[in-house]
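Data first, discussion second: the structure below is written as structure tokens.
Throughout, read-outs are computed from the coordinates displayed, never taken from laboratory work. No experiment lies behind these values; they were computed from the predicted model shown.
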Amino acid sequence: MTKISDLYLRLSAVEVLAYLRERYGYKSLSEMLGLQVSILSRYINGHVLPNTARAEKIVRLFNESLLSEIVKKRLTRTEDGFYDLSAIVADVGLLRLIAKVVSAEFNVFSINKLLTVATDGIPLAVQVATELRADLIIAKKRKDLNVKSYIEEPIKRTPALVEYLYVPRQALRKSDVVLIVDDVARSGETIHGMIRIVNRAGAKLAGVFTIVMLEEVKERIGQLLPPSGVLKSLVTFSS
């Protein structure tokens, strides 16, 4: 681990602690981590950074044990069966921490482009692109008049309803390594459309990340990824 990556890990651990303190309080956080409240207070208030081993423990606990539960508690399901992520999308602190998890999962791929669709997934995509230091590409459902050439991909919602995704042709190159990010995958059709866009551009697909995905959709999308591609969702539900 380089000095820069080590420092980044330790700073990330402090950010995780500050967020968890707001949710659980010092006493519960102390019990979770086995650390005295006074030590946690010194970390959170910026008096000292945790050492590398302790920072890894903090981040690992958050990633493996707490994050999915926090997300589940913020989710609501509407009467028509859709998942409402508005409380998650509005929480910038949580999105930053989710983005750190995504970055850790995908940083081995040297990703330089992040592709999302013009929906509620944009706030998360911005955070992930920032963490990965990647350019953000937004697939839109209508053309911009100032863009001359597009990759145009149809998405069949029903036999009678077809939508289109448009990505400026110059935005994706064969040398690009792309991560697809979306907030929720209900049918998987939008993500499938973005996968086809990446393939048509001849770029390399590193994988797909969503906050929420249905189990049967996850299985279907997994079959569309290249052998080295990674598919990750924080929460997976059966329909």
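Quick notes on this structure:
- Mean-square fluctuations from a GNM of the chain, with a 10 angstrom spring cutoff on Cα atoms, peak among GLY25, GLY93, GLY121 at GLY25.
- Whole-Hz ³J(HN,Hα) from phi, Karplus 6.51 cos²θ - 1.76 cosθ + 1.60, for region 122-128, glycine and proline x: 4, x, 5, 4, 4, 5, 5
- Cα-based shape type of region 1-135, given that a ≥ b ≥ c are square roots of the gyration tensor eigenvalues and the cut on a/c is 1.5: oblate
- Taken one residue at a time, the phi angles of region 40-51 give Karplus couplings (6.51, -1.76, 1.60, θ = phi - 60°) of 4, 4, 5, 5, 5, 8, x, 6, 7, 9, x, 5 Hz. Gly and Pro are set to x.
- Here the Karplus curve 6.51 cos²θ - 1.76 cosθ + 1.60, taken at θ = phi - 60°, turns the phi angles of region 177-187 into couplings of 10, 10, 10, 9, 10, 8, 6, 9, 10, 8, 9 Hz, with x standing for Gly and Pro.
- Separation of the alpha carbons by more than 24 angstrom is noted, of LYS3/LYS57; LYS73/LYS113; LYS72/LYS113, for LYS73/LYS113; LYS72/LYS113.
- Looking at the chain, the DSSP beta bridges with both ends there are about 30 percent antiparallel.
- The calculated 222 nm mean residue ellipticity attributable to helices in the chain amounts to -14000 deg cm²/dmol, summing -39500 (n - 2.57) over DSSP H runs of n ≥ 4 and dividing by all residues.
- Alpha-carbon centroids, region 177-212 and region 1-69: separation in whole Å: 32
- For ILE155, the amide hydrogen comes within under 5 Å of the amide hydrogens of GLU163, TYR164, LEU165, counting only partners 5 or more places away or on other chains and with H modelled in the peptide plane.
- In summary, the lysines within cross-link reach of LYS156, defined as a Cα separation below 17 angstrom excluding same-chain residues under 8 places away, comprise LYS140, LYS141.
- Whichever lysines have a C-alpha closer than 17 Å to that of LYS218, once near sequence neighbours (fewer than 8 apart) are set aside: LYS232
- Percentage relative contact order, region 90-217, counting C-alpha pairs under 8 Å, at least six apart: 25
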